[in-house]
Amino acid sequence: MSSKENRYRLLLELYPADFRREYTDEMIGVLMADPSPVRKHAASLLAGAVTARLRSTLEGPEWRRAAFTVQLFGAILLCAVALRRFAMVGAVALFEPAYNRPPFAPFDVARAVPWAMVVVATLAGWRGLSVTAALAGVIAEIAAPSRFYADSPVMLLNVFWIVMGAIVVLIASTVSVHGPRPRGSLFVVAAGVVLATNGFSTRIAYPDYLGTLSLDGNQSRFAFTLFLLLTTGGLALVGVFRLDPAVRRRVIACTVPVAAVFPLVSYGFGGFLEFNSRHPDDIQLLGPVQWAALIVVPAAAFWTAAGLNQRLERSRAMTVVGGPAGSGGLVGSGGLVGSGGPAGSGGLAASGGPAENGGSIGGSGATVPGDSRPET
């Protein structure tokens, strides 16, 4: 084996095992026939490996059903987050003197309207509109904190989990298939209502509330706000756990990238956040590696969660095949269709089944003639 072929085979090891068994020899032949160096094809082979693994991991109708659920649930919660900001500003305008009222923030509306459109379009089955509205929502979620990026990059990091959630909803809207309203939708709607009214109700109860969770100052305000947020999370979790198990596992995998942002920002950007807070006159901006980490780490987290779900389902499928129905599982020598099942020596569909030797399904799989009945 030449060193060139060996390098190609090492690259092909990145592909799924099923793919390698079927296509390795053919691909090696095509690649070796090309006199170009290996590095010319390395990038395309790597991209093909990622695509093949994603396809093998995300195949099946359950993923499309899960994408529909993520699209709907995510849009409801993102709309609620945007309405929470708007309600908080509205409460200030309602109860504060005219000279102290904040200016109207068009971005608060620009972030709420697209997600409301995604909810309506998703339920109506208007896929083109839902994708367009989700794209507009992603742009609005990125543009709103980016206004202050040069002066306060920390603000973008603090809301990056919302940006990541918007990206997940956009991706889900491109691959989802319309279906019946998912179980648990009403709980997610209730969670959205609680979240949307959180800013308004807390501002009324505590006029100095600025929308942040901080132990500084009024601890009862912190407890009240935390209670409302935990109520929101609890209702959303109930909605997710009411889904079918296969869909639920995939929906949870889709939330992993959003959850991964919190430890990534807290621990991976801890020094960056501390430096900017201590040196307001010498603000550091995010570098290329840090931007890449904000994308690669959540993507890797999703891939890991989806792969673990795939292994879990394969393990369960193997358990069913070789499960409690004898050594052959459901279809085997001791299963429901075999020689040693519960219906005599032939299972339900064997020569010793309920119809004995004259049953409707014989050992050979055909109807047994009537002359095999016991003589009278």
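The values are calculated or read from the model by the stated rules, or taken from the named source; none is laboratory data. Predicted model, so just to flag it, every value in this text is computed and none were measured. Neighbour counts are summed over all protein chains in view; Cβ atoms, including those assigned to glycine, are modelled from backbone coordinates with ideal geometry. The protein model used for the area step is the full one, side chains on, heavy atoms only, and it has no ligands, DNA or RNA in it. Shrake-Rupley method; radii C 1.70, N 1.55, O 1.52, S 1.80 Å.
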Taking the condition of being within 24 Å of Trp303 (Cα to Cα) and either assigned to a helix (DSSP H, G or I) or among the aromatic types (Phe, Trp, Tyr) (or both), how many residues in the stretch 1-23 meet it?
12
So for the stretch 31-42 (the condition being hydroxyl-bearing (Ser, Thr, Tyr) and either part of a helix (DSSP H, G or I) or in contact (Cβ under 8 Å) with a residue 12 or more places away in the chain (or both)), does at least one residue qualify?
no
If you take the residues in the stretch 50-72 that are surrounded by 18 or more Cβ atoms within 10 Å (Cβ to Cβ) and of a type in the set (A, V, I, L, M), which one is nearest to Met117 (Cα to Cα)?
Leu72
Quickly run through the stretch 253-288 and pick out the residues that are among the aromatic types (Phe, Trp, Tyr), under 28 Å from the mean Cα position of the chain (by Cα) and farther than 30 Å from Glu313 by Cβ.
Tyr267, Phe269
Of everything in the stretch 230-272, what is surrounded by 17 or more Cβ atoms within 10 Å (Cβ to Cβ) and over 19 Å from Ala166 (Cα atoms)? Give them in sequence order.
Leu235, Gly239, Leu243, Val247, Arg248, Arg249, Phe269, Phe272
If I filter the stretch 169-188 down to residues being touching a residue at least 60 places away in the same chain (Cβ under 8 Å), touching a helix residue (DSSP H, G or I) at 6+ places or on another chain (Cβ under 6 Å) and in a helix (DSSP H, G or I), which single residue comes out as surrounded by the most Cβ atoms within 10 Å (Cβ to Cβ)?
Val169
Of (1) farther than 18 Å from Val169 by Cα; (2) hydrophobic (A, V, I, L, M, F, W, C); (3) touching a Lys or Arg at 6+ places or on another chain (Cβ under 6 Å), Val247 fails just (1)
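Criterion first (open to solvent by 10 Å² or more (accessible area, probe 1.4 Å), over 30 Å from Ile283 (Cα atoms) and either part of a helix (DSSP H, G or I) or hydrophobic (A, V, I, L, M, F, W, C) (or both)) does Phe148 satisfy it?
In short, no.
Checking the conditions here, which among Ala306, Ala292, Ala300 is open to solvent by less than 80 Å² (accessible area, probe 1.4 Å), more than 28 Å from Tyr149 (Cβ to Cβ) and of a type in the set (Gly, Ala, Ser)?
Working: Ala292 fails: more than 28 Å from Tyr149 (Cβ to Cβ); Ala300 fails: more than 28 Å from Tyr149 (Cβ to Cβ).
Checking each option against the conditions leaves just Ala306.
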